[in-house]
Structures are given as structure tokens and as C-alpha cells.
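I have placed the structure first, in the form of C-alpha cells, so that the comments after it can refer back to it.
The values are calculated or read from the model by the stated rules, or taken from the named source; none is laboratory data. Just so it is clear, the structure is predicted and the values come from calculations on it, not from any experiment. Backbone-built Cβ (ideal geometry, glycine too); neighbour counts: all protein chains shown. Note: accessible area is taken over every heavy atom of the protein model, side chains too, but ligands, DNA and RNA are not part of it. Shrake-Rupley method; radii C 1.70, N 1.55, O 1.52, S 1.80 Å.
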Amino acid sequence: MKKIYASFFTILFSLAAFGQQIDNGSMENWDNLGSNDEEPSNWNSFMTASGGLSLFASKQVEQSSDIRSGTSGMYSARVFSKSTIGIIANGNLTLGRINMGSSTPSSTSNYNYTDTGNSDFSQQLNSSPDSIAFWVKYNNSSSNDLARIKAIIHDDYDYVDPMTSESEQHVVADAALNFESTEGSWVRKSIAFDYVGPATTPEYILVTFTTNMIPGGGSDGDEIFIDDVELIYSTSGISDKHKNCWIAYNESGLVFSNDFESDDVFRVFSTAGKEIYRGTRNQLSSSPLQSGMYLITNNKNSFKVIAH
């Protein structure tokens, strides 16, 4: 939505002191408050969607006073799923724009995208952050359901998520995490950007939060509360222990560094979102994978592994 809330001084201070930030990552500013078109400023959900089914969009985001203790802010964004004629529409909040092209949730006609020609549906970013961090409270109806954040830094192109072969050429860096219920508590999560390329010039960032990692795979009433989304530009605050955590793959299978907690539970996902393995590092060490890319998460951080 329109970015009319930030003063020039605020923008200048943010750029100078902390590196370029996402506008209204604090979720304090809202447009059309109290109406069905209510959305946090600079963020978009179904009510501002494009596509042939956008006339059937429903409100799935609202301002919430549910905030973590110790914050100076007053509001968070509550994003929630909804069942319509037996079809689950996951809650979806993005810096870009949602395209509603099909009633089948998994259809390639449904996607989020950066509209570089419209500042209401794009977030410019001309810097290279190390990671993205946010505070979240996730309540799900099924203990097996996972919410998701995905952030893509890309060049001057109308990038589409899920990624298409055309969009792939414009990726500078990405960060993604599938995460479990936070058991009614606010939790801070941080995901490092992987500068995978092949593009090298950061110009925009597309961030998306969804109540379930699988399109249409959630339950009616799933909800995530989101607050204080920020880009991190220095690793000086990360402990040596965190820096030394890594996962790799060799001829023997999966390999985990010894710096992870022994009781950390990892989930291994294919790029299609299918869970391949679940277990501790000791249980998953030497597990074989077919050739391809995999996302491994321990509900705190995410790692990419390529099996050859």
C-alpha cells in the first residue's frame, strides 16, 4: 500500500545508521484501518490482489494489539487462513502483489510478484544485507503444519514467487524458513541470505509470509502474528557458536557440524516442499539424498544443501 507515512528524516536516519531497511517493518502504520481493505502500509494481501479471481478476495490480515513484551511498538500484523467453499486459502502477506489466477491453490496462476512499475507493490533495496530477522507468534490447528517466510533479493525485474525459470536469472540472494508453532509465545527468528546469483545487482526485495508452506495445505484459523521485520547488515552480534553451525553433503550423506545442540530437531525438505527426513543431527548424519537442492531447518535457522 502507499508509502506516505515515513518522513524524510526517518528514511535518512535509517539508511545512515542501520543500512537500508524495509519500509514499515514495525507494522505500526496501516491503510484503510477498520475496513475490509485494511493492510499494513507497504505490505499487501488478498484485498489488493491482481488476477481473474481477485473479485472474490477476502480479508485475511488485520491490525493486532498482540505484541511481545519489551517492545516500544503498539501493533503487529495478524495474518490468518480462511476456508471458502471447502478450499483453504492460506494467509499471505507480501511486499509485492498477490496474483489470484486459479481456484486450485497449487496452480502456477497463483503467485506473488514484484511490480517494479508500481511503488505500492515493490520494495526497492540497493544494498546487500547479511540476514533478515523478525518476531513472530504462530498458532496452527495441526502440529504438523509449518508456516513460511521467503525473502528474495533481485535485480530490476518483475520477479515471481514461486520462482519461474524466467525469474531464476534475476535472483541475487534468497532466504527461506519453514517454522513450527511457537506455542503461544513470541519468538525472534533470523535467516541468513544466500547470495546464490546469477544476478549480482540488488535493486528490489520480495518478502512473503504465509500461514502454511504448502498452498492450500493449512487449516481454517491458522494464524501468524508478525512484527519488527528488519534487515541485518553486520554479523558482529552473532555468536561464534552460531557462525560455526553448518550442514553439508558428501559421498557418505548428510554431514552436520558439532556446534548444533544435540537435541535440535531438523527437517529436510525438497524444493517442492516434501518432507524427506526428520530427526536430530545424530539421527540424520550420513542420510542419503538424491541429486538436487534441499532446504534443512531446525526451526531457528535454515540451510541449503546440494546433493550431487
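Annotations for the structure displayed:
- Residue check, residue 68 among the basic types (Lys, Arg) and surrounded by 19 or more Cβ atoms within 10 Å (Cβ to Cβ): no
- Scope segment 102-112; condition open to solvent by less than 40 Å² (accessible area, probe 1.4 Å) and either under 15 Å from residue 167 (Cβ atoms) or in contact with a strand residue (DSSP E or B) (Cβ under 8 Å, 6 or more places away or on another chain) (or both); matching residues: 110, 112
- Residue match in segment 164-173 (condition: surrounded by 15 or more Cβ atoms within 10 Å (Cβ to Cβ), out of contact with any Cys (no Cβ under 6 Å at 6 or more places or on another chain), within 28 Å of residue 82 (Cβ to Cβ) and touching a residue at least 24 places away in the same chain (Cβ under 8 Å)): no
- Among (1) open to solvent by 70 Å² or more (accessible area, probe 1.4 Å); (2) in a strand (DSSP E or B) - the single one residue 296 does not satisfy: (1)
- Segment 299-308, residues that are polar (S, T, N, Q) and not in a strand (DSSP E or B): 299, 301
- Residue check for residue 115: open to solvent by 30 Å² or more (accessible area, probe 1.4 Å), in contact (Cβ under 8 Å) with a residue 24 or more places away in the chain and touching a helix residue (DSSP H, G or I) at 6+ places or on another chain (Cβ under 6 Å): yes
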